[in-house]
Structures are given as structure tokens and as C-alpha cells.
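The values are calculated or read from the model by the stated rules, or taken from the named source; none is laboratory data. Bear in mind the structure is a predicted one, so any value in this text is a computation, not a measurement. Please note: Cβ atoms are built from the backbone with ideal geometry, for glycine as well, and neighbour counts cover all protein chains shown.
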Amino acid sequence: MDPKNVIICRCSDVTLEDLLELFKEGYSTFEELKRIKRVGMGPCQANTCGKMVQWEIAKYFNKPLEEVPFHNMRPFTMGVKLKSIKEQADEE
Amino acid sequence: MKSKADYVIIGGGISGCSIAYNLAMQGAKNIVVIDKSYMTSGATGRCGAGVRQQWGTKMNCLLAKKSVEFFENAKEILQYEGDIEFKQEGYLIIASNENEAEQFKKNVALQNDLGIPSKVLTKEEALEIVPHLNPEQVHSATFCHTDGHLNPFTMTDAYYHAAKRLGVEFNFYTEVLDIETKAGKITAVSTDKGKIKTNVVVNAAGGWSKEIGALAGVELPVYSRNHEILVTEPVEKMQGPMVISFSHNIYCQQTPHGAFIMGRGDKDEPKSHTMRSTWQFLDKMSSTVCKLLPKIGELRVIRQWGGLYNMSPDHQPIIGGTKDLEGFYMACGFSGHGFMLAPMTGLLLSELILGKTPSMPMENLSLERFEGQDLDEIETSVV
Ligand SMILES: Cc1cc2nc3c(=O)[nH]c(=O)nc-3n(C[C@H](O)[C@H](O)[C@H](O)COP(=O)(O)OP(=O)(O)OC[C@H]3O[C@@H](n4cnc5c(N)ncnc54)[C@H](O)[C@@H]3O)c2cc1C
């Protein structure tokens, strides 16, 4: 399949072709890819694309998957409304 | 990695990258940048990347004004293919009471004197620019339409690529462990990947600049502390300017990509190097934004994180050398506004290092200004 048509990150609209271009430029870690292309930074927090990004890094740089660090996971796992957080805080 | 260099820059944040680019631009060769992690892993990649010229001290005003002039043309100057996402739709600074309004009027007078096009706005005028402001929380405001914000990753990447094209060597995931000196001069920098002989070191290590100073035996009057921030899901454009309030303790912007980014300070935060996310921040941030900008309360937070502010005694940066150690230079103590000043940080420090006359007097940026007497000016317009 044409890498242009393979969507890796649905939230931030990043294709396999985008990743391959970044690899070619020398960006080789999940942390760098995230910051340059927003891959894995959308509402799903890389829950959908994370494994695929890790896999593509391993494939391109010819490394065992377990040697490719996963990205640094931060709260939240799911989006929460600011208003709901405020209301919860007011109750406590 | 080179084993010998003319200049070793410690830190691959916006400061280190700007200094490297500016040195190379002026013809310096054999420049090496070292960072213990990935590019923008420090405060740079964690910051709000807001750029404002509405400051309370002359020095900060001038540095910010000249930096804005650079950002306006940065894409062309640095020949960057990507998008630095400079959204220049102003900073709206909210005054909550008469006292704040009085101080802001003085600030605007100073800013106007220096050629910064800021102005005082009535409550009604402020609400015209940001209609979702809660009118009950607004006394008046000040506004400067040429302020704005950028994408901190791509802006740093732009400097990085331009510096690389000029021959600068970057070494990421490489940690500086020691700085060797002999008879008041630098001789080498040792890292976990080997040693580099050099006579010039630039300390652009952000939150770790005090520790880097200590490696060279130079004591720096700075400290670090965590500062938290969050981002929401992206939505259609609803806010032009960055909204900021010192009394509510908030800054809040909508990036061109659609997400809102907001943060606040905590004066009780202890000095440390921990970069953490807390529920206490989340609670306070949510309450503050719901109070000042109620409509934004409907948005979902998707991520929160922390980063280090590197504080100096007068909340203005330290950019310069030191008489105690030849060849040792620093750019640190940015006190939460080093991103926006980076173009000037790089220009001034490179001029100083290369023995040229700096484009602006640098006495008020020197390490020596903290010796003895009272400080001339302290910046109070900080979140
Ligand atoms: C939450 C938050 C919001 C902010 N908002 C704004 C804003 O809106 N506008 C603004 O202008 N500023 C803002 N700031 C401040 C701004 O981020 C910083 O002033 C600026 O990024 C400093 O850049 P720097 O390159 O000097 O330091 P850093 O980006 O911290 O870079 C220092 C680098 O040094 C490296 N390093 C440290 N020790 C070693 C070692 N021993 N060996 C090798 N490398 C080492 C680190 O890995 C790091 O990459 C904010 C900061 C935070 C935390």
C-alpha cells in the first residue's frame, strides 16, 4: 500500500509517508516525532497509534521492538471537561 | 562527536540553538551543541511559547520587542520549510482592580516610549476582542496587537536546521559530566560519550544551569521550580489573543491548531528539579478558567505536564560572561520568559563571545549586577 494512504495517527492526521520523511531527516525517537508532527498528541493520547509508531521506528531503524522506547505517557487517558473538574473540586 | 571544538554549548533548547545559529552566522566555526536528552526536552518543549512586549522593565521590553521583529521574519531568515505557527493576534492583559489598572497604565507609558504599540482598553473594548470574557471579572485591560505565540518545537527546529546547515554539530542524548579548568581558563568538557577539548563553554542548560555553573566552579544566583500547564482538545477558532491576568494567575491561548493551552504559577511551589503534574493544579486551573473565561470550561483537557522555571533574583535573564573564569558564558535565569527572548539571547551573547560591540548595552543582563547593591529594576509582570 502507498505510504501516503496509510494513516497512522487519526487525531493529528499523520500518514506513514510523514513518518518515513521524518526518519529520513534523522528524527528517530517517539518523543521527537510527537513534537514535530503532533503524532500521538490528539484526544486519544496515542492509545490508537502508539504501538504503530513504535513498530515503524523499529522497522526503519532495524531495531528489536523492545529496544524502542514508548512515548512518555502523561495524564489524562481520556478528555475531561474543565467544568466537570471544577464542579468536582467545589464539592470536595 | 568532535574531540576538539572552538565553542561548546551546553543545552539544546531554544537558547542553545539560537546561540549556536548566531555564532555560526557571524562566521564562527567548530561549534558543538550538547544535550542530555532530545531537542526541546527542557523548558522549551514544555512552555506556552507566548511572546509579549508588554513588560514592566525597560530591559525586558527592549529584548522582547527586538525578538518579535525577528520572529516576524524567522521563517524566511532561517529558511525553514515547516511552519513556526506564529500567531500574532496580541496579548490581552486583564486588570481586575484599580491598583492593577494604575500599574498597567505606567507600563503602557514605558512601552510606548520604547516604540511598543500597546494601549489601555476599557472593559467594553476588551470584551469586543474576547467576547467570552466574564465581564464581572474585568476592570479594564491593556492590549498589544503585535504580541502572540509560536510553536516551540518547530521554532527551535528552525534554529536547529539553520545552525546545522552552517556546520554546527549537535549531540543529543549526551550528558555533560564535568568542565575542566586550569589557571582560570577552561580546557575541556567531559561527557558520558567522551571528552571535548575547548576554551569556550556556553551554559544554556535552563533549569540545570546552576549545576553546570558549579561544574565550572562558578556560582550562579538562580534556582529552579516546577510550573504546570495543560492543553485541551482542538476546537474551531474562538479566541484571537493570549489572555493573561496576574491577579487571577492565568494565561490562556488558542493555538492555530485549535487547542487551548493554559497555565498558572504557584508561589508555594518549592525549589526543585521535579517536573510533575498535580491534581491541585488541575483543580485551581479549572476554577480559574471557568471564572474568567466560562465558555472554555466546556472544553476537554487532554493532557497536563510540568516544566522548570529558572528564576533569577530580579526576574530578568543573566546573559554574559564572568570575570572569574575566562571563556565561560551563560544564558540562564529567564524566570519564565526565555522562549520569547531567544532571538536576542543568541544575538547578544554571540556578539559578546566574538568580541564585537553588542547590539544593546548588556550591563543589566550581567552576572555582576547582583553583587552588593540593590537591584535597579525588578520585573513584577510575571505569572
Ligand atoms: C510551563 C511553562 C510555561 C512557559 N511559558 C513561557 C511563555 O509563554 N513564553 C516564554 O517566553 N517563556 C515561557 N516559559 C519559559 C521558557 O520555557 C524558558 O525560559 C526557555 O524555554 C528556556 O530555554 P533554554 O533553552 O534556556 O532552556 P531549556 O529549554 O530548559 O534547555 C536546557 C537544556 O539543557 C539540557 N541540559 C541540562 N543539563 C545538561 C547536562 N548536564 N548535559 C547536557 N545537557 C544538559 C537539558 O536537557 C535541556 O534540553 C515557560 C516555561 C514553562 C515551564
Notebook entry, point to check: Looking at (1) facing chain B (nearest Cβ under 10 Å); (2) more than 24 Å from B:Gly42 (Cβ to Cβ); (3) in contact (Cβ under 8 Å) with a residue 40 or more places away in the chain, which is the one condition that is false for A:Glu56?
Noted result: (1)
Item checked: Residue within the range B:160-168 that is over 23 Å from B:Leu293 (Cα atoms) and in contact with an Asp or Glu (Cβ under 9 Å, 6 or more places away or on another chain) present -> yes
Next item on the list: Would you confirm whether any residue within the range A:45-53 is touching an Asp or Glu at 6+ places or on another chain (Cβ under 7 Å), touching a residue at least 24 places away in the same chain (Cβ under 8 Å) and under 20 Å from B:Gly45 (Cα atoms)?
Entry: no
Next item on the list: Could you grab me the full set of residues in the range B:47-80 that are touching a helix residue (DSSP H, G or I) at 6+ places or on another chain (Cβ under 8 Å) and farther than 29 Å from B:Gln103 by Cα?
Entry: B:Ala74, B:Lys75, B:Ile77, B:Leu78, B:Gln79, B:Tyr80
Item checked: Among the residues listed as B:Ser41, B:Ser67, B:Ser37, the single one being at pLDDT 95 or above, surrounded by fewer than 17 Cβ atoms within 10 Å (Cβ to Cβ) and within 16 Å of the ligand (Cβ to nearest atom) -> B:Ser37
Next item on the list: State yes or no: is A:Glu66 in a helix (DSSP H, G or I) and either buried (at least 20 other Cβ atoms within 10 Å of the Cβ) or within 14 Å of chain B (Cβ to nearest Cβ) (or both)?
Entry: no
Item checked: Residue list for the range B:253-270, restricted to those being closer than 13 Å to B:His227 by Cα and at pLDDT 95 or above -> B:Met262, B:Gly263, B:Arg264
Checklist line | Pairs where the first residue, in the range B:31-42, is in the same structural domain as B:Thr198 (by TED's automatic domain parsing) and on the phi < 0 side of the Ramachandran plot and the second is within 7 Å of the ligand (Cβ to nearest atom) and of a type in the set (Asp, Glu), C-beta under 9 Å, 6+ apart | finding: B:Ile34/B:Glu175; B:Asp35/B:Glu175; B:Lys36/B:Glu175; B:Ser37/B:Glu175; B:Ser41/B:Asp35; B:Gly42/B:Asp35
Next item on the list: Identify all residues within the range A:36-60 that are part of a helix (DSSP H, G or I) and touching a Lys or Arg at 6+ places or on another chain (Cβ under 8 Å); write none if there are none.
Entry: A:Ile57
Next item on the list: Could you look through the range B:226-271, keep only residues that are within 11 Å of chain A (Cβ to nearest Cβ) and of a type in the set (Gly, Ala, Ser), and pick out the one that is nearest to the ligand (Cβ to nearest atom)?
Entry: B:Ala259
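Residue-by-condition table, conditions (1) in the same structural domain as B:Gly263 (by TED's automatic domain parsing); (2) of a type in the set (Lys, Arg); (3) in contact (Cβ under 8 Å) with a residue 12 or more places away in the chain; (4) under 19 Å from B:Glu211 (Cβ atoms):
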position	(1), (2), (3), (4)
B:Lys323	no, yes, yes, no
B:Met330	no, no, yes, yes
B:Met344	no, no, yes, no
B:Leu347	no, no, yes, no
B:Leu354	no, no, yes, no
B:Ser359	no, no, yes, no
B:Ile378	no, no, yes, no
B:Val383	no, no, yes, no
Notebook entry, point to check: Within the range B:44-58, can you find the residues that are buried (at least 24 other Cβ atoms within 10 Å of the Cβ) and more than 7 Å from the ligand (Cβ to nearest atom)?
Noted result: B:Arg52, B:Gln53, B:Gln54, B:Trp55
Next item on the list: For the range B:74-191, please list each of the strands (runs of 3 or more DSSP E) lying entirely inside it that holds at least 3 residues being crowded, with 21+ Cβ neighbours inside 10 Å and touching a residue at least 24 places away in the same chain (Cβ under 8 Å).
Entry: B:91-95, B:140-144
Check: Considering the range B:140-181 alone, what residues qualify as being more than 19 Å from B:Ile9 (Cα to Cα) and more than 13 Å from every other protein chain (Cβ to nearest Cβ)?
Finding: B:Ser140, B:Ala141, B:Thr142, B:Phe143, B:Cys144, B:His145, B:Thr146, B:Asp147, B:Gly148, B:His149, B:Leu150
Check: For residues in the range B:216-225 being within 15 Å of the ligand (Cβ to nearest atom) and within 19 Å of the chain's Cα centre (by Cα), which is nearest to B:Pro131 (Cα to Cα)?
Finding: B:Arg225
Check: For the range B:341-367, how many residues are surrounded by 13 or more Cβ atoms within 10 Å (Cβ to Cβ), modelled with pLDDT of 95 or more and of a type outside the set (A, V, I, L, M, F, W, C)?
Finding: 7
Check: Within the range B:334-346, can one find any residue that is in a helix (DSSP H, G or I), closer than 14 Å to B:Val202 by Cα and within 11 Å of the ligand (Cβ to nearest atom)?
Finding: yes
Checklist line | Subset of the range B:274-302 [within 23 Å of B:Gly12 (Cβ to Cβ) and within 14 Å of another protein chain (Cβ to nearest Cβ)] | finding: B:Met275, B:Arg276
